[in-house]
Amino acid sequence: MKETVIKTENLTKRFGDFVAVDAISFEVYKGEIFGFLGANGAGKTTAMRMLSGLSKPTSGKAIVAGLDVFTQPEEIKKNIGYMSQRFSLYEDLTVIENIKFFGGIYGLSDKQIKQKSEELIEQLQFQNEIKKLVHDIPLGWKQKLALSVAILHEPKVVFLDEPTGGVDPATRKQFWEMIYQTADKGITVFVTTHYLDEAEYCNRISIMVDGRIDALGTPRELKEKFSATSMDEVFYKLARGAKRSDN
Amino acid sequence: MPDITLDHISKTYNKNTLLALDDISFEVNKGELFGLIGPDGAGKTSLFRILTTLLLPDKGFATVNGFDVVKNYKSIRGIIGYMPGKFSLYQDLTVEENLKFFATVFKTTVEKNYDLIRDIYLQIEPFKKRRAGQLSGGMKQKLALCCALIHKPEVLFLDEPTTGVDAVSRREFWEMLKSLQKENITILVSTAYMDEATLCDRIGLIQSGKMLSVDTPENVLKAYPENLFAIKSKNVHKLLTDLRNFENTLQCYASGEYLHLSFKTENGNSQNEVVVFLKEKGHDEIEMKMCKPSIEDCFIRLLAS
């Protein structure tokens with residue numbers, strides 16, 4: 001029996017007359033890599049904000065890591081990890097300072113922080129970088145560090161919002177190997193991306209169009225359903241029909 | 001005829017400690033759509049800034065439309081369009097004010113060159129009274145392109161125009177570039193998306209300030225030195241770890257549903273050997289086939305050599 005980590009039922013968010021997220025229902029399981037796709041403006045960010053306790057839904061239900069997004073948003077924040085391309089680490093703090101800072105924020109004890117940071121430095125082979133400012137390390141390293149920091153407190157689920165922009169393909173693939181390792185530890189990975197080849201690395205994918213989830217399944221199922229040879233084609237067939245864009 | 005030439009261009013920052021461009025030479029022909037493909041930090045923006053006369057090279061020569069980027073910088077500024085990677089229009093001017101402003105700066109009018117931008121402008125016209133700062137990413141990108149084109153430039157420089165844009169908008173953007181090419185405008189465009197490479201006439205693959213390869217996408221693909229295999233099994237992550245430890249593995253990495261694998265030395269039996277090895281490691285449902293490399297595979301291969 002699969003353990004459900006995220007479950008939504010008719011989850012909806014309205015801003016005035018505008019229905020940003022329109023009654024979405026889906027489940028994500030423990031240790032799964034779940035790709036959350038959609039064109040700009042489809043409602044992905046709004047949905048993710050609700051699931052991470054940052055935005056109160058208008059109606060519907062959502063349980064994340066066993067907690068209710070309506071009544072326990074603060075608890076949810078402590079039980080998830082979050083990483084985005086835009087904001088993740090403090091550029092003017094060193095590598096080790098960032099690790100300590102986030103460890104503190106997530107409520108780890110000094111002893112735990114010490115142990116965790118040693119493990120992490122070892123695993124990332126960052127021994128020579130710990131005293132460098134994050135500003136001065138390459139983007140690919142920042143991304144790896146940001147993911148490591150986001151799961152420092154061993155959350156049930158980690159949300160990755162376009163984590164891999166701008167790095168070379170070899171570095172991007174190393175990052176995905178880290179995602180596999182994260183999922184192997186039993187942490188559910190909920191990820192958005194504009195790279196549709198990356199969608200193929202996910203166990204299952206949902207595609208949002210105009211606030212709805214118009215497709216959900218394994219990459220293989222979706223390609224069969226839409227008679228497509230790649231996820232790019234599936235996405236194009238679905239998103240081309242979108243009525244709204246991000247204006 | 002070359003419209004852009006670079007001859008041994010180098011650029012360093014931080015008192016010569018950071019090498020941004022390392023002896024770069026290539027040419028872009030008149031009317032060509034040339035793609036500069038590489039990750040963040042590869043040197044793409046430095047190269048654009050040198051060609052658009054905003055930055056002086058340390059060494060080497062470069063020309064745009066026959067003009068030297070250092071000596072004749074003023075002549076170049078009048079005949080190029082430049083869309084920087086960072087949105088650089090006036091945020092507190094409206095869509096139509098921005099367009100009119102750029103037309104005026106280049107001593108022309110919106111009406112005079114309207115034909116060139118019409119197809120793009122029609123998509124943002126419903127928002128012409130909106131301030132540029134209030135536009136969505138896709139709309140900003142279209143407005144920036146209109147402003148870069150409004151004086152009918154000879155050469156168009158587009159620095160990562162599609163970064164952060166979804167797949168549908170990216171495809172539309174490339175269709176716009178294809179139609180601009182018909183106007184005989186030379187286009188130098190950079191991108192970090194490898195899949196966009198095949199839409200260019202020729203590409204330059206750039207990493208850490210060095211050009212790894214300059215050729216047509218077809219020739220870059222043909223130059224891939226080994227046979228490439230796609231392989232999968234029930235547990236793809238374990239498969240990756242195991243294949244990395246296989247002694248004949250040259251490169252192995254995830255690529256969509258499959259892993260891509262190349263061998264150090266290949267004989268008729270290499271495929272069987274790897275399957276036997278994987279069965280010993282307990283893998284089920286092993287599927288292996290030869291596959292065609294993509295630009296991404298070529299890039300990863302060039303990084304390793």
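Observations on the structure shown:
- Probe 1.4 Å, protein heavy atoms only - accessible area per residue of the range B:2-215 in square angstrom: 44 Å²
- Label-point separation in nm, B:Asn16 to A:Phe101, each point 7 Å along Cα→Cβ: 3.6 nm
- For B:Gly204, the residues whose modelled amide H falls within less than 5 Å of its own, excluding neighbours fewer than 5 places apart on the same chain, are B:Gly35, B:Leu36, B:Ile37.
- Antiparallel bridge percentage (DSSP; both residues within chain A; nearest 5): 55 percent
- With all projection directions averaged, the alpha carbon convex hull of the protein assembly as shown covers 27.5 nm².
- Chain B: most fluctuating residue of B:Glu175, B:Glu111, B:Glu32 per GNM, C-alpha cutoff 10 Å: B:Glu111
- Among A:Asp92, A:Asp161, A:Asp68: highest mean-square fluctuation, GNM of chain A, C-alpha pairs under 10 Å: A:Asp92
- Share, in percent, of DSSP beta bridges within the protein assembly as shown that are antiparallel, nearest 5: 60 percent
- Residue of B:Val69, B:Val165, B:Val95 that the Gaussian network model of chain B assigns the largest fluctuation, springs spanning Cα pairs under 10 Å: B:Val165
- With every protein chain in place, chain B: carbon and sulfur % of accessible area (1.4 Å): 50 percent
- Spatially, the range A:184-223 and the range A:53-86 are offset by 20 Å when compared through their Cα centroids.
- Helix-only mean residue ellipticity at 222 nm for the protein assembly as shown, each DSSP H run of n ≥ 4 adding -39500 (n - 2.57), per residue, nearest 500: -10000 deg cm²/dmol
- Per residue, the solvent-accessible area of the range B:228-304 (1.4 Å probe, heavy atoms of protein chains only, all protein chains present) comes to 48 Å².
- All-pairs alpha carbon distance profile, the range B:150-297, 5 Å steps from 0, percent: 2, 8, 16, 16, 14, 12, 11, 8, 7, 4, 2, 1, 0, 0
- In the A-B interface, the accessible area buried, summed over both sides, Å² (probe 1.4 Å): 2700 Å²
- Relative contact order (%) - chain B, alpha-carbon pairs under 8 angstrom, separation at least six: 20 percent
- Estimated FRET transfer efficiency when R0 is 41 angstrom, pair A:Lys56-B:Lys129 (beta carbons, to 0.05): 0.80
- Per-residue 3J(HN,Hα) values for the range B:260-268, derived from phi via the Karplus relation 6.51 cos²θ - 1.76 cosθ + 1.60 with θ = phi - 60°, read 9, 9, 10, 9, 5, 10, 10, 10, x Hz in sequence order (x marks Gly and Pro).
- Cα point-scatterer Debye curve for the range B:228-304, base-10 log of I(q)/I(0) at q = 0.13, 0.16, 0.26 Å⁻¹: -0.34, -0.52, -1.41
- Measuring between their Cα centroids, the range B:227-305 and the range B:55-97 lie 45 Å from each other.
- Drop in accessible area of at least 40 Å² in the complex versus isolated chain, residues of the range A:130-178, 1.4 Å probe: A:Gly166, A:Asp168, A:Pro169, A:Lys173, A:Glu177
- When you filter the trypsin sites (Lys or Arg not before Pro) in the range A:48-156 for DSSP loop state and at most 16 other Cβ atoms inside 10 Å of their Cβ, you are left with A:Arg86, A:Lys131, A:Lys132.
- Average 1/r across all pairs of distinct alpha carbons in the range B:2-215, invert it, and you get the Kirkwood radius: 17.5 Å.
- Antiparallel DSSP beta bridges within the range B:2-215, as percent of all bridges there, nearest 5: 55 percent
- Burial annotation for the range A:38-70: residues with an accessible-area loss of at least 20 Å² between the isolated chain and the complete set of protein chains, computed on heavy atoms with a 1.4 Å probe, are A:Asn40.
- Once the C-beta distance of B:Asn72 and B:Ser136 is scaled by a Förster radius of 51 Å, the resulting FRET efficiency is 0.85 to the nearest 0.05.
- Extending 7 Å from Cα along the Cβ direction at B:Ala304 and again at B:Lys182 yields two label points whose distance is 4.3 nm.
- Here the 3J(HN,Hα) profile of the range B:66-78, calculated from phi with Karplus coefficients 6.51, -1.76 and 1.60 at θ = phi - 60°, is x, 9, 6, 5, 9, 6, 10, 4, 5, 5, 5, 4, x Hz, Gly and Pro shown as x.
- Interface residues of the range A:197-214, defined as those with an accessible-area decrease of at least 30 Å² between the chain by itself and the complete set of protein chains (probe 1.4 Å), are A:Glu200, A:Tyr201.
The values are calculated or read from the model by the stated rules, or taken from the named source; none is laboratory data. Computed from a prediction, not measured in an experiment: that's the story for all the values here. Note: ideal-geometry Cβ built from the backbone for every residue, glycine included; neighbour counts use all protein chains shown. The accessibility values were calculated without ligands, DNA or RNA, using every heavy atom of the protein model including side chains. Shrake-Rupley method; radii C 1.70, N 1.55, O 1.52, S 1.80 Å.
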